[in-house]
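Report on the following structure.
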Amino acid sequence: SGSDGGVALHQYVEGRFTAETGRGAVTLEVVTDYPWQGVVAVTVADAPDGEVELALRVPEWAGAASLVVNGDSVGAAPTDGWWVVRRSWVAGDTLRLELPLEVRFTAADPRVDADRGALAVERGPLVYCLESVDHPGHRLDDLLLDQSVPAEEVSGAGPLAGVTLLRLGGQLRSRSVAPDGWWPYRQVTAGYATSEDVASEAGKSLALTAIPYYAWGNREP
């Protein structure tokens, strides 16, 4: 978007973009494979005379982001989610923004009942999810994340070709065995959670596969 003071890049998509400023039009060329890769290369294709601001959006999760202008690191840090560089630009000037795409486990506010005790798996700007097709023989609500196991990034195939998937550590949750008969409840005692009352595989380690949430529901009914 353009303003009197300059141009702001809100989203990182490949292409050639022109925006009007108080001094005239600025044209930028963006090359990137974001959100799969964290490098965003911006080249000034055309700019008016005089100083103009170029502002690049830096998400809250990208605390270790770096910015290089014409090969020199920018010393100033982002402010309120924006990296702003003000100078006289000429055609051929380049900016290289690097956003870290490490896997993150994010907890919601515990006052949100539905999310208490759960984690969101994120990588860059994307939220991930588990899907039944990747975990045959298991119910998704019986799977637990094991944060002690480092996440591994892998390439998707088939309908998920070109998509970055995540391999995560996991375990099977202990689940009570259903009682016999038609009545679904039973009286419990102090010894309720014994080995006889839970699934035999409880605590077993297994690998979990997480896919970007937007890609959910495209492989099986």
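Is it true that some residue in region 164-172 is open to solvent by less than 70 Å² (accessible area, probe 1.4 Å), of a type in the set (S, T, N, Q) and modelled with pLDDT of 85 or more? Checked against the condition, which is being open to solvent by less than 70 Å² (accessible area, probe 1.4 Å), of a type in the set (S, T, N, Q) and modelled with pLDDT of 85 or more, region 164-172 yields at least one hit.
The requirement of being of a type in the set (Asp, Glu), modelled with pLDDT of 95 or more and closer than 22 Å to ALA64 by Cα is satisfied by GLU153. State whether the residues of region 123-139 include one that is out of contact with any helix residue (DSSP H, G or I) (no Cβ under 9 Å at 6 or more places or on another chain) and part of a strand (DSSP E or B). Yes, region 123-139 has at least one match. Reported count of residues in region 55-90, each being polar (S, T, N, Q), touching a residue at least 12 places away in the same chain (Cβ under 8 Å) and either farther than 26 Å from ALA25 by Cβ or open to solvent by 70 Å² or more (accessible area, probe 1.4 Å) (or both), is 1. Of all the listed residues (TRP83, TRP36), the sole one being within 22 Å of PRO125 (Cβ to Cβ), within 19 Å of the chain's Cα centre (by Cα) and not charged (D, E, K, R) is TRP36. Count of region 7-29 residues, restricted to those that are farther than 13 Å from ASP93 by Cα, over 29 Å from the mean Cα position of the chain (by Cα) and either among the charged types (D, E, K, R) or outside any loop (DSSP other than H, G, I, E, B) (or both), is 5. Filtered by the rule that a residue be within 22 Å of LEU206 (Cβ to Cβ) and open to solvent by less than 60 Å² (accessible area, probe 1.4 Å), region 105-137 gives ALA118, ALA120, VAL121, GLU122, ARG123, TYR128, CYS129, LEU130, GLU131, VAL133, ASP134, HIS135.
The values are calculated or read from the model by the stated rules, or taken from the named source; none is laboratory data. All figures in this text were calculated on a predicted structure; none of them were measured in a lab. All Cβ positions, even for glycine, are placed from backbone atoms using ideal geometry, and neighbour counts span all protein chains on display. The accessibility values were calculated without ligands, DNA or RNA, using every heavy atom of the protein model including side chains. Shrake-Rupley method; radii C 1.70, N 1.55, O 1.52, S 1.80 Å.
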